[in-house]
Amino acid sequence: MTGSKFGNMRLKYVCDILDEKRKPIPANQRNQDADVLYDYYGASGRIDTIDGFTIDDHVMLVGEDGANLKLRNLPLVYEVTGKAWINNHAHILKPKTENCFRFVFHAIENEDINSFITGSAQPKLSQENLKNIQIPHPSYDEQCRIADFLDKKCAEIDSLTADVQKEIETLQEYRRSLITEAVTKGLDPNVEMKDSGIPWLGLVPAEWKTSKVKYVAQISTIRALTNDGYIGLENIESWTGKIIESNVDPTGDSIAFKKGDVLFGKLRPYLAKSFVADKDGCGSTEFLVMHPRQIESCYLGYVNKCKPYVDMINESTYGAKMPRANSSFIGNMAVPLPDIKTQLLISAFLDKKCAEIDSVIETKQKQLETLAEYRKSLIYEYVTGKKEVV
């Protein structure tokens, strides 16, 4: 419960709970062929469209279950206006008369609701617990003044956030294009080129060769005897190959790898989860382990981050919900093969350039964190009355 100079009131006295208007429907039954489609909402906002609606109103949604209740990586509250379909994973709230919609929205988003959440493996916010959450409750006029002020300030912050996020996305795209250009065309823009005869690769330097992955790297399928130092797909950052520290418990068998081996995630290959092992270890069997023989490890690691190469592998996947690439398909992928000296020069160049780009991205990500923290503190200070709208 947030301390407030305005006093607090339980949500059951502030909002009507319209959960009777919720209705789940499986994805394969959500008709997408109708002339008019409506937004389909779940615990974390809009997730699909559908040819019908369960509400036609101005309401807010609060997730009933899911990790976001605790992590708060996504907004807790979503605003819905007009016709929409709400499933059973989101509570539907409508402020009662003499309560300002936007003030209530900000107040709920501001709340620390951890004490109202049950369950650890699957966090849940029951309707009864939702009703008992307390939010600040100034007069209606004061609510409107605060809401108008916060809407304006938050819009300014959100605009800045969107600009920074766009800059990050541009840098990430530049990083991918830089890798693709260096790995497939080399570092000399004036070198003579030839047609590789490979669709994803196109023109390559005339002196370069091409070869299939399975001929330049041994595909390893050795099962690990222990799960010490286990690395899951979750531990690898997409497109960069950086290790993300987290407590990932291995499930089932794991596959062994050696220092210098190059790993590529077969599950959802479009995520480009690939890394070069800096020590012996073991990982998810969803990794394809490549032991380089006629190709330099870091260079092969960068090949695994070439977007057209990744796209080609992704087009081969099977399985709708959990698309996977076949190990044999990846083994038969043709890759550019300059001499080892050139491979080392390309890897060194990309190491330096990617480090520079990543440093700028890191700075901008800190800017996003600062903006998010400022937005959060601003809402807290005005919703609770610690600061007044002048």
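The values are calculated or read from the model by the stated rules, or taken from the named source; none is laboratory data. These numbers were taken from a predicted model, which means no experiment stands behind them. For neighbour counting, all protein chains shown are included, and Cβ atoms are generated from backbone atoms with ideal geometry for every residue, glycine included. For the accessible areas, the whole protein counts, side chains as well, though only heavy atoms, and no ligand, DNA or RNA atoms are used. Shrake-Rupley method; radii C 1.70, N 1.55, O 1.52, S 1.80 Å.
Going through segment 60-75 one residue at a time, which ones are assigned to a loop (DSSP other than H, G, I, E, B) and at pLDDT 95 or above? Step through it out loud before you land on a result.
Quick first cut of segment 60-75, residues assigned to a loop (DSSP other than H, G, I, E, B) only: 64, 66-67, 72-75.
Within segment 60-75, just 64 meets the criteria.
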Which one is most open to solvent (accessible area, probe 1.4 Å) among residues in segment 239-254 that are over 21 Å from the mean Cα position of the chain (by Cα) and of a type outside the set (S, T, N, Q)? 253
Quickly run through segment 349-379 and pick out the residues that are open to solvent by less than 80 Å² (accessible area, probe 1.4 Å) and among the hydroxyl-bearing types (Ser, Thr, Tyr). 359, 363, 377
Taking only segment 1-59 into account, find how many residues are part of a helix (DSSP H, G or I), under 30 Å from the mean Cα position of the chain (by Cα) and among the acidic types (Asp, Glu). 1
Select, from 158, 188, 112, 141, the only residue that is closer than 27 Å to residue 61 by Cβ, over 24 Å from the mean Cα position of the chain (by Cα) and acidic (Asp, Glu). 141
Does any residue of segment 338-348 turn out to be crowded, with 21+ Cβ neighbours inside 10 Å and of a type in the set (A, V, I, L, M)? yes
What about residue 258, is it touching a residue at least 40 places away in the same chain (Cβ under 8 Å), among the basic types (Lys, Arg) and open to solvent by 30 Å² or more (accessible area, probe 1.4 Å)? no
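Only residues that are polar (S, T, N, Q) and closer than 24 Å to residue 377 by Cβ: list them for segment 103-150, please.
110, 114, 115, 134, 139, 143
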Name the single residue that is surrounded by the fewest Cβ atoms within 10 Å (Cβ to Cβ) among those in segment 207-238 being out of contact with any strand residue (DSSP E or B) (no Cβ under 8 Å at 6 or more places or on another chain) and touching a residue at least 40 places away in the same chain (Cβ under 8 Å). 207
With respect to residue 386, determine if the residue is basic (Lys, Arg) and open to solvent by 80 Å² or more (accessible area, probe 1.4 Å). yes
Can you report the number of residues in segment 188-206 which are loosely packed, with under 15 Cβ neighbours inside 10 Å and within 23 Å of residue 307 (Cα to Cα)? 11
Expected output for segment 349-377 (first residue over 12 Å from residue 168 (Cβ atoms), partner open to solvent by 80 Å² or more (accessible area, probe 1.4 Å), Cβ below 8 Å, 6+ apart or cross-chain) is 349/187; 371/160
Looking only at segment 270-285, decide whether some residue is open to solvent by 10 Å² or more (accessible area, probe 1.4 Å), under 21 Å from residue 176 (Cβ atoms), under 21 Å from the mean Cα position of the chain (by Cα) and among the aliphatic types (A, V, I, L, M). yes
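Please state which one of 69, 37 is within 15 Å of residue 89 (Cβ to Cβ) and not polar (S, T, N, Q).
None of the other options fit; the residue is 69.
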So residue 71 fits all but one of (1) in contact (Cβ under 8 Å) with a residue 40 or more places away in the chain; (2) open to solvent by 10 Å² or more (accessible area, probe 1.4 Å); (3) under 29 Å from residue 372 (Cα atoms); what number is the exception? (1)
